[in-house]
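Sharing a structure with you now.
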Ligand SMILES: O=C(O)[C@H](O)[C@@H](O)[C@H](O)[C@H](O)COP(=O)(O)O
């Protein structure tokens, strides 16, 4: 069952989210010695980046990944990794233990396979790893990661990381986590702000409308929290 945390504005949301990240980080490191955290693009990196210096984490034990990545070079302004680096990575007091990033020198399909291989190498012998925390965003069409409404990737069950070459949101070529690994996560924080998301959020959270890809995030055994500001939560009963 998902729960909702509602905040007055983006700033207070970001502060609570960073406390949540710090909590999950110390639990994971105590439990298995490292913390896997997946970031998304959009507004998420700046929301986290504005408050990350207010918490303290053992960054040397972090393994950072991107929940989805645009198939562009890592220093491109379109790159989700670049957004993570600018808003968060370069503000951390120490380097993170590791980063799982797109190898843009490979063709798209091979880049997705390589990303999955790097991810799996953190969890030797495990068929579907349980990543510690995924920070997800949602587009106005209800997409999350690069899982778009009506796309064939929504029914992908064999790959943990897949590629898409016809994304309706530019750029068209991307790689993305798929539901099998998203839904195996230990925790997911969905971060949505602004009134433009309110109608879709009502349909997902109150009506469980599965036509929206974000509604298909249903963790097998993890904690699922919606972090919403006042505008995004305005249509929830
Ligand atoms: O690669 C992308 O295009 C983004 O990652 C995208 O999927 C984003 O996460 C959502 O559209 C939410 O964006 P906002 O948080 O800016 O609304």
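How would you rank 104-115, 61-72, highest first, on the average number of other Cβ atoms within 10 Å across their residues?
Descending packing order for the listed peptides: 61-72, 104-115.
Highest mean first, how do 188-201, 87-100 rank when packing is the count of other Cβ atoms within 10 Å averaged over residues?
In decreasing order of mean packing, 188-201, 87-100 become 188-201, 87-100.
Distance from the Cα centre of segment 76-130 to that of segment 136-190, in angstrom?
15
Place a point 7 Å from Cα of residue 165 in the direction of its Cβ. Which residues in segment 68-101 have their backbone N less than 19 Å from it?
69-73
Would you mind estimating how fast segment 56-116 diffuses translationally, via Stokes-Einstein at 37 °C and 0.692 mPa s with the Kirkwood radius over Cα pairs, in µm²/s?
Value of D from the Cα-based Kirkwood radius: 266 µm²/s.
Using only Cα atoms, figure out Rg for the chain and give it as a multiple of 2.2 N^0.38 Å.
Cα Rg divided by the expected 2.2 N^0.38 Å: 0.94.
What is the packing order of peptides 7-14, 177-184, 125-132, taking the mean over residues of other C-beta atoms within 10 Å and listing the highest first?
Final packing ranking: 177-184, 7-14, 125-132.
Which residues in segment 158-181 place their backbone N less than 13 Å from a point set 7 Å from the Cα of residue 108 along the Cα-to-Cβ direction?
Under cut-off, by backbone N: 162-176.
Right, next: Kindly state, to the nearest 0.05, the FRET efficiency for residue 173 paired with residue 128, given R0 = 22 Å and r defined as their beta-carbon distance.
For R0 = 22 Å, the calculated efficiency reads 0.30.
Quick one: in segment 1-117, what % of C-alpha pairs are over 18 Å apart?
Above the 18 Å cut-off, segment 1-117 has 54 percent of its Cα pairs.
Here's something else I'd like to know. Enter the per residue convex hull volume of segment 140-196, computed from alpha-carbon coordinates, in Å³ rounded to the nearest integer.
Per-residue hull volume (Cα only) is 89 Å³.
Let me ask you something else. Each label point is 7 Å from the Cα along the Cα-to-Cβ direction; what then is the distance between the points at residue 3 and residue 141, in nm?
The answer from the label model is 3.4 nm.
Continuing with the same structure: Kindly provide the helix-only [θ] at 222 nm of the chain, computed as the sum of -39,500 (n - 2.57) over DSSP H runs of four or more divided by all residues, to the nearest 500 deg cm²/dmol?
Calculated from helices alone, the mean residue ellipticity at 222 nm is -7000 deg cm²/dmol.
Which of the three applies to segment 156-237, rounded, prolate or oblate, going by the alpha-carbon gyration tensor with a ≥ b ≥ c and a/c under 1.5 meaning rounded?
Oblate.
List, largest first, the extents of the alpha carbons of segment 78-207 along their principal axes, each in whole Å.
40, 37, 29
All of the numbers you see were taken from the coordinates with simple rules; none came from a lab. Please read all numbers here as calculations on a predicted model, not as lab measurements. Here the Cβ is made from the backbone with ideal geometry for all residues, glycine too, and neighbour counts use every protein chain on show.
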